[in-house]
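For reference, the structure is listed below as structure tokens.
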Amino acid sequence: LPVGERLERRIIDGARKGLEEDVDEALASGTKALDIVNTHLLGGMKVVGELFGSGQMQLPFVLQSAEVMKAAVALLEPHMEKAEGAEERSKGTVVLATVRGDVHDIGKNLVDIILTNNGYTVVNIGIKQPVSAMIEAAEQHDADVIGMSGLLVKSTVVMKDNLAELASRGLDGRWPVLLGGAALTRTYVEDDLAGAFPGTVRYAKDAFEGLRLMEPLVA
Ligand code: B1M
């Protein structure tokens with residue numbers, strides 16, 4: 001198999017042994033680190049989601065796939081392009097969290113990498129975070145934006161509650177909120193959530209849309 005397909009297969013099979021060699025080979029062939037993530041690793045993860053969703057894969061195997069995905073991203077991260085000046089001065093600060101009750105963090109951590117490599121300061125507070133922890137971190141780090149990630153359908157309701165709590169504490173105008181994760185839809189965020197939230201709330205379908213949205217949100 002060509003190395004890209006091998007990497008995709010590794011994610012699906014949760015096969016960690018020999019990963020370094022395949023990552024090195026893919027990089028040596030001239031494929032950019034981010035393209036390897038977006039095409040091959042995410043391609044494999046999509047299949048894992050489909051197999052799990054249709055009952056053809058059990059949870060422990062999904063976990064193994066997630067571990068291989070994380071290991072591959074960690075190997076590729078040093079090879080990712082950094083925007084000029086990204087390390088010198090920060091374009092703004094974002095507090096990033098996976099919402100209460102949700103453990104999925106691969107997407108959130110990719111958003112962290114992309115924003116960090118493009119000059120933003122990311123305060124990544126982890127998974128299963130209540131909105132109070134996001135507020136605390138945003139205050140402590142004088143953040144410009146709060147970013148919430150969630151993949152479960154129930155996380156979309158948690159996000160709605162979080163916005164309501166920000167508003168009820170009078171904090172809706174303080175931080176614009178960026179939302180992302182596979183269970184969300186643009187209409188849900190832009191119509192349902194934004195319609196009921198006095199502050200600014202935006203939907204990012206992927207890490208790159210998150211990056212594009214940061215500039216107007218920070219301004
Ligand atoms: Co979970 N899981 N999982 N899982 N899992 C899903 C989400 C699911 C869709 C699978 C399925 O049924 N087909 C399903 C949810 C169904 C639903 O809610 N209706 C599901 C389920 C059911 C569960 C459990 C409940 C299973 C169980 O216990 N019975 C359980 C939940 C536990 C909990 O959270 N309380 C569970 C557990 C797990 C693992 C631990 C095994 C593992 C996670 C490991 C980890 O993250 N450390 C796992 C995985 C790997 C998945 C799938 C297969 C892959 C998720 C992933 O990493 N994708 C997933 C299937 C799927 O998503 N279709 C599934 C790759 C990642 C890069 O994509 O996170 O979407 P994503 O991020 C994207 C964009 O969404 C966006 O940018 C990223 C890429 O550019 N983005 C943002 C994300 N956050 C953003 C924030 C932003 C901006 C953009 O700004 C703030």
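Among the residues of the stretch 11-28, how many are outside any helix (DSSP H, G or I) and open to solvent by 80 Å² or more (accessible area, probe 1.4 Å)?
2
Does K160 count as open to solvent by 60 Å² or more (accessible area, probe 1.4 Å) and either near the ligand (Cβ under 9 Å from one of its atoms) or at pLDDT below 95 (or both)?
Answer is no for this residue.
So that you can scan it fast, the table gives a plain yes or no per residue for (1) open to solvent by 80 Å² or more (accessible area, probe 1.4 Å); (2) at pLDDT 95 or above; (3) among the aromatic types (F, W, Y):
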position	(1), (2), (3)
K32	yes, yes, no
F52	yes, yes, yes
G55	no, yes, no
A66	no, yes, no
V73	no, yes, no
L76	no, yes, no
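Counting just the residues of the stretch 168-188 that are surrounded by 12 or more Cβ atoms within 10 Å (Cβ to Cβ) and hydroxyl-bearing (S, T, Y), which one comes out farthest from the ligand (Cβ to nearest atom)?
Y188
Only one of these is at pLDDT below 95 and within 26 Å of L34 (Cα to Cα): A183, A219. Name it.
A183
Which residue out of I127, I114 is open to solvent by 30 Å² or more (accessible area, probe 1.4 Å) and hydrophobic (A, V, I, L, M, F, W, C)?
Just one listed residue meets the conditions, I127.
The values are calculated or read from the model by the stated rules, or taken from the named source; none is laboratory data. All of these numbers come straight from a predicted model, not from anything done at the bench. So basically every Cβ, Gly included, is an ideal-geometry build from the backbone, and we count neighbours across all protein chains shown. To get the accessible areas, we keep the full protein, side chains included, count just its heavy atoms, and leave off ligands, DNA and RNA. Shrake-Rupley method; radii C 1.70, N 1.55, O 1.52, S 1.80 Å.
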